[in-house]
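What follows is a single structure, written as structure tokens, with notes after it.
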Amino acid sequence: SISNSQRKVLPNLNFLATVYNGIEVDSFEFNDKPQPYLAFLGRITPDKGPEQAIAVAKKTRRKLLIAARVDQPDRQYFKKVIKPLIDGEQIVFLGEVDHKEKVELLKNAQALLSPVQWDEPFGLTNVEAMACGTPVIALKRGSLPELIVNKKVGFLCHTIDEMAERVKQIKTIDRAACRRHVEKNFAASCMAKGYVKAYEKVIKNYPGK
């Protein structure tokens with residue numbers, strides 16, 4: 001499994017280990033002097049919570065930059081729900097971005113908003129943000145409690161109102177601690193070691209050995 005949370009929806013499988021997804025940390029530039037905006041990164045789909053991210057930005061009167069693709073099944077949702085909320089000033093839609101643009105977005109943000117509306121099995125954008133030193137303000141669902149140490153590298157919240165309150169406290173998070181957290185737990189080397197350990201366990205216990 002890629003998180004312990006993922007196992008809950010597949011209770012009948014025989015899990016060998018949990019190995020978290022990893023990233024090439026050096027490809028995400030660290031920045032400890034962010035600009036005054038919040039970020040949302042991912043896809044425009046109800047599960048990811050773009051509508052809720054916009055609500056947080058409006059409650060806190062913060063600028064929100066949204067970098068996300070709109071897949072065919074979600075075009076009506078974007079047109080009817082999200083697009084009317086975009087004013088190009090406070091709420092800015094950037095569309096889909098490449099890696100360089102993604103890093104620029106993340107490293108300069110005060111925080112990444114992750115108001116997921118489902119039990120996400122991992123959520124790589126959260127790790128990418130923290131690699132840049134950017135804290136994550138998220139709803140406490142799915143794997144996010146495994147990725148985010150509450151009040152150390154971000155905030156785990158229960159409601160949108162709580163997320164808005166936590167935005168005001170974002171400067172209490174040490175951005176360098178966010179980077180160290182990813183280096184220690186979510187680097188590609190950590191992932192590789194986890195898989196090697198799992199494979200060694202399989203080989204050791206293989207009946208035909």
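Close Cβ contacts (under 8 Å, 6 or more residues apart or on different chains) running from residues in segment 72-98 that are in contact (Cβ under 8 Å) with a residue 24 or more places away in the chain to residues that are of a type in the set (Asp, Glu) and open to solvent by less than 100 Å² (accessible area, probe 1.4 Å) comprise VAL81/GLU51; ILE82/GLU51; LEU85/GLU51; LEU94/GLU101. Residues in segment 107-127 that are hydrophobic (A, V, I, L, M, F, W, C) and assigned to a helix (DSSP H, G or I): LEU124, VAL127. Of all residues in segment 133-168, those that are open to solvent by less than 10 Å² (accessible area, probe 1.4 Å) and either out of contact with any Lys or Arg (no Cβ under 8 Å at 6 or more places or on another chain) or at pLDDT below 95 (or both) total 9. Do we find that VAL127 is farther than 20 Å from ILE170 by Cβ and in contact with a helix residue (DSSP H, G or I) (Cβ under 8 Å, 6 or more places away or on another chain) in this structure? For VAL127, the condition - farther than 20 Å from ILE170 by Cβ and in contact with a helix residue (DSSP H, G or I) (Cβ under 8 Å, 6 or more places away or on another chain) - is not met. Looking at this structure, is MET130 open to solvent by less than 10 Å² (accessible area, probe 1.4 Å) and assigned to a helix (DSSP H, G or I)? When the stated conditions are applied, MET130 passes them.
Within segment 173-194, the residues that satisfy the criterion of being over 19 Å from the mean Cα position of the chain (by Cα) and exposed (fewer than 13 other Cβ atoms within 10 Å of the Cβ) are SER189, ALA192. When we screen ALA111, ALA67, ALA53, ALA17 for residues that are under 27 Å from GLY142 (Cα atoms), among the small types (Gly, Ala, Ser) and without any contact (Cβ under 8 Å) to a residue 40 or more places away in the chain, the only hit is ALA67. Scan segment 107-120 residue by residue and report those that are in contact with an Asp or Glu (Cβ under 8 Å, 6 or more places away or on another chain) and open to solvent by 20 Å² or more (accessible area, probe 1.4 Å). Across segment 107-120, the qualifying residues are LYS107, GLN117, TRP118.
Could we say that GLU183 is under 30 Å from ARG7 (Cα atoms) and modelled with pLDDT under 95 here? In short, no.
The values are calculated or read from the model by the stated rules, or taken from the named source; none is laboratory data. Every value quoted in this text rests on a predicted model; they were computed, and no experiment measured them. A quick note on method: Cβ atoms are made from the backbone with ideal geometry, for glycine too, and the neighbour counts reach across all protein chains shown. For accessibility, only protein heavy atoms count, side chains too; no ligands or nucleic acids. Shrake-Rupley method; radii C 1.70, N 1.55, O 1.52, S 1.80 Å.
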